[in-house]
Amino acid sequence: MRATARARPRRTFRKSNRESTMTTLHSSLGPNPRLVRMFMVEKGLEEGRDFTRVHYDIITGQNRQDSGYMAKNPQGTTPTLELDDGTCLTESWPICEYIEEMHPAPNLFGESPVERATVRKWARLFDQEVVVPMTMGFRAGAGRPMFEPRMSVVSSQAGAELSAMADEKWRLFDSYLGVSDHIALGRFTFADLLIFAFANFGFTVGWKLPEGTDNLARFVATHNQRPCAAIWQQAE
């Protein structure tokens, strides 16, 4: 007679009664820290009430010279979000997703699996198609005196080609926007915030929207009315 197999007990996972919360944003004037701060503003989070902020002077390389900061983020990049249990989160996009999880309203990443995938798709496309060549071109061009002593940068010629490539992709995103002021879901999302942040970064370093990108010009003018736009007017 064959023995009857005993069913395995189902494993259950109990969530912690307490989630770690953010305490300190380690920041600088770079576009990625400002992206996170813009996201916080759109979430209604206030510096001094909901978190403290430590500023590092990236012009002098303070973030890579501070041993305390390097212990929190060995790459020395900004931003870093420090939680009350000592966990340190780096990279602007994951930090924003963490904030979304902890502060779900207003929703900025999508409310369903399809919506979240759509927002991430557009953000990913913009990051790869525009942000990467734009920032690499800046480091090899106008930003060379600051970046060359700290990291590998491409040649000046390659930098100019990357900047031209980024402008070409900006034109592509102009066509994607069409008459809408939102790249995804018909409402303001993280993908819009990313585009708006890096347009403003460009303006601060002397860049201009490529000729003929009227949709992007309208997009920027519209979102300049949002609370998060003030982050780009604040002195550091």
Using Cα atoms only, what is the angle between the long axis of helix 214-223 and the major principal axis of the chain, expressed in degrees (0 to 90) to the nearest 10?
60 degrees
Can you sort Tyr176, Tyr56 by how many other beta carbons sit within 10 Å, fewest first?
Tyr176, Tyr56
Computed, not fitted: 222 nm per-residue ellipticity of the chain from DSSP H runs ≥ 4 (each -39500 (n - 2.57)), nearest 500, equal to -13500 deg cm²/dmol
Starting from 0.36 nm per residue, how many nanometres of slack lie between Arg218 and Asp50 once their C-alpha separation is accounted for?
57.2 nm
Residue by residue through the stretch 118-132, which ³J(HN,Hα) values in whole Hz follow from phi under the Karplus form 6.51 cos²θ - 1.76 cosθ + 1.60 (θ = phi - 60°), with glycine and proline marked x?
5, 4, 5, 4, 5, 5, 5, 4, 5, 4, 6, 7, 10, 4, 4
Over the chain, what number does the Rg to Rh ratio reach, with both radii from the alpha-carbon atoms and Rh per Kirkwood?
1.06
Can you put Cys228, Cys88 in order of Cβ neighbours within 10 angstrom, beginning with the fewest?
Cys88, Cys228
Going by alpha carbons, how many degrees (0 to 90, nearest 10) lie between the helix axis of 190-204 and the longest principal axis of the chain?
30 degrees
Test of understanding: in a Gaussian network model of the chain with alpha carbons linked when under 10 Å, which of Ala191, Ala217, Ala71 would top the mean-square fluctuation ranking?
Ala71
What GluC sites (Glu not before Pro) does the stretch 123-226 have in DSSP loop regions with at most 10 other beta carbons within 10 Å?
Glu211
Extension gain (nm, one decimal) between Ser20 and Lys208, 0.36 nm per residue minus Cα-Cα:
63.6 nm
If you take every DSSP beta bridge whose two residues both sit in the chain, what share of them, in percent to the nearest 5, is antiparallel?
60 percent
Ranked by GNM mean-square fluctuation in the chain (Cα springs under 10 Å), the top entry among Phe147, Phe196, Phe109 is Phe147
List the aspartates and glutamates whose alpha-carbon lies under 13 Å from that of Lys43, not counting same-chain residues fewer than 8 positions away?
Glu97, Glu100, Glu101
Using only the alpha-carbon atoms, what does the stretch 113-226 span along each of its principal axes? Please give whole angstrom values in decreasing order.
43, 31, 23
Only Cα pairs within less than 10 Å get springs; with that Gaussian network setup on the chain, which residue of Lys169, Lys43, Lys208 has the largest fluctuation?
Lys208
Ranking of Leu177, Leu81, Leu125 by count of other Cβ atoms within 10 Å, fewest first
Leu125, Leu177, Leu81
GluC sites (Glu not before Pro), restricted to the stretch 54-119: which are DSSP loop and have at most 11 other Cβ atoms within 10 Å?
Glu111
Calculate the translational D of the stretch 36-161 in whole µm² s⁻¹ from Stokes-Einstein, where the hydrodynamic radius comes from the Kirkwood formula applied to all Cα pairs, the temperature is 25 °C and the viscosity 0.890 mPa s.
146 µm²/s
Compute log10 of I(q)/I(0) for the stretch 22-102 with the Debye formula, placing one identical point scatterer on every Cα and leaving out solvent, at q = 0.11, 0.15, 0.20 Å⁻¹, to two decimals.
-0.25, -0.46, -0.84
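Rule-based calculations on the coordinates, nothing more; no lab input. Treat the numbers as computed from the prediction; the structure is a model and nothing was measured. Cβ coordinates were reconstructed from backbone atoms using ideal geometry, including for glycine residues, and neighbour counts include every protein chain displayed.
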